[in-house]
Amino acid sequence: MFNQSFITNAINRSAENSSDRRNFLRAAGVAGFGVGATMLATGGPALAAESPGPAEAPSDAAILNFALNLEYLEAEFYLRATTGSGLPDGMTTGTGSRGGVQGGRMVHFKTSIIKKYADEIAADEKAHVAFLRSALGSVAVSRPQINLDASFTAAAQAAGLIKPGQKFDVYANEANFLFGAFIFEDVGVTAYKGAAPLISNKTYLEAAAGLLAVEAYHAGVIRSTLYALGIALPSVYATAQAISDVRDAVDGATDLDQGIGTASKANLVPTDANGLAFSRSAAQVLNITYLNAAPVRSGGFFPAGVNGAINTSGANG
């Protein structure tokens, strides 16, 4: 059905190490390439193999581990806002250096529906961490060091929302919390969209598509809630635009990011001219989470960097 080199390449790109490759071979029933060889020898139907991508492309496991770093960040942000505590220790172990979480506490929500939104998103993000850790097994990375304190202040200062020396407390009230969520959710959508063409294993690709869809739902909830908040407090629109401008300033020369609109016109679904969600590379995503336009390996929300093979920003580098 598939030739030997195609099977080898596909398995190598979908696996992080030799143990994973053996497991994939056993699971697929192709130990020793018996299935592929038999089909070719008996003249069975053959499919044209699509190119799995350049040799230096990251493995599927490396891509999912990169996503896991982002899910750790989102889960810790939302869980602390809704429950006052983060992920249990058993969900933070793995390869690489496990780090602690600085900052984060329960938000005193005044609006019942916003609290319900936050609770649901927190549960989803925790489930994402559990799913990715299960899918990756022994090669899952541990939670990296996360900063939910100074990082938001730095982002707010860069956006011009506060002056040097002032502090932005993302957990002080539900409006600040929504602005913090706005920073993350749009980035998550564009990260999964950008990763999709790099994933070889269709099972992993389907999982990534499911994760992207949920992050897009989350982003829609946050954007819609902020837009509604702006009806009574019009400065919300300018604040959201300022956050969008900061993301754009660090993730490369192309103007991709979009705010939520103005009092006269909503922009709840950020799309390109074709009505499609846009993509970010892993480097661009790290530019935003590291709060740095340069090629670096740490900073911002990840003071010691992320764990795994994909760890360097540099959209402008």
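The values are calculated or read from the model by the stated rules, or taken from the named source; none is laboratory data. Nothing here was measured: the structure is a model prediction, and the numbers come from that model. Heads up, the Cβs are rebuilt from the backbone with ideal geometry, glycines too, and the neighbour counts pull from every protein chain shown.
Would you point out which residue out of ARG105, ARG80 is in a helix (DSSP H, G or I), touching a Lys or Arg at 6+ places or on another chain (Cβ under 9 Å), charged (D, E, K, R) and in the same structural domain as ALA238 (by TED's automatic domain parsing)?
Values: ARG105 fails: in a helix (DSSP H, G or I).
Result of the check over ARG105, ARG80: ARG80.
Just give me the residues in the stretch 62-102 being among the hydroxyl-bearing types (Ser, Thr, Tyr) and within 27 Å of ASN201 (Cα to Cα), in sequence order. Spell out the reasoning first.
Taking the stretch 62-102 as the starting set, the residues that turn out to be among the hydroxyl-bearing types (Ser, Thr, Tyr) are 72, 78, 82-83, 85, 92-93, 95, 97.
Listed by number, the residues that qualify are TYR72, THR92, THR93, THR95.
Within the stretch 186-210, which residues are outside any loop (DSSP other than H, G, I, E, B), crowded, with 21+ Cβ neighbours inside 10 Å and either touching a His at 6+ places or on another chain (Cβ under 6 Å) or β-branched (Val, Ile, Thr) (or both)?
Residues satisfying the conditions are VAL187, VAL189, THR190.
Can you tell me which of SER224, SER151 is of a type in the set (Ser, Thr, Tyr), buried (at least 21 other Cβ atoms within 10 Å of the Cβ) and modelled with pLDDT of 95 or more?
Details: SER224 fails: buried (at least 21 other Cβ atoms within 10 Å of the Cβ).
It is SER151.
Does ASN311 satisfy the criteria of being farther than 23 Å from GLY160 by Cβ and outside any helix (DSSP H, G or I)? Walk me through it before giving the result.
Details: farther than 23 Å from GLY160 by Cβ: yes; outside any helix (DSSP H, G or I): yes.
So ASN311 fits the description; yes.
Can you work out which of the residues in the stretch 269-288 that are buried (at least 17 other Cβ atoms within 10 Å of the Cβ) and among the polar types (S, T, N, Q) is farthest from THR190 (Cα to Cα)?
Looking at the filtered set, the residue picked out is ASN287.
Let me confirm something: among ALA228, ALA172, which residue is part of a loop (DSSP other than H, G, I, E, B), closer than 25 Å to LYS116 by Cβ and of a type in the set (Gly, Ala, Ser)?
Of ALA228, ALA172, the one residue that is part of a loop (DSSP other than H, G, I, E, B), closer than 25 Å to LYS116 by Cβ and of a type in the set (Gly, Ala, Ser) is ALA172.
If I filter the stretch 57-68 for residues that are at positive phi, in a loop (DSSP other than H, G, I, E, B) and surrounded by fewer than 23 Cβ atoms within 10 Å (Cβ to Cβ), do I get at least one hit?
Taking every residue of the stretch 57-68 in turn, none turns out to be at positive phi, in a loop (DSSP other than H, G, I, E, B) and surrounded by fewer than 23 Cβ atoms within 10 Å (Cβ to Cβ).
Condition test on ASP255, is it part of a helix (DSSP H, G or I), in the same structural domain as LEU70 (by TED's automatic domain parsing) and modelled with pLDDT under 95?
no
Do we find a residue being over 29 Å from PRO270 (Cβ atoms) and touching a Leu at 6+ places or on another chain (Cβ under 7 Å) anywhere in the stretch 102-116?
Yes, the stretch 102-116 has at least one match.
What number of residues within the stretch 166-183 are surrounded by fewer than 23 Cβ atoms within 10 Å (Cβ to Cβ) and either modelled with pLDDT under 95 or of a type in the set (S, T, N, Q) (or both)?
Matching residues across the stretch 166-183 total 3.
Would you pick out the residues in the stretch 143-155 that are in contact with a helix residue (DSSP H, G or I) (Cβ under 8 Å, 6 or more places away or on another chain) and either among the small types (Gly, Ala, Ser) or in a loop (DSSP other than H, G, I, E, B) (or both)?
Selection gives ARG143, PRO144, LEU148, ALA155.
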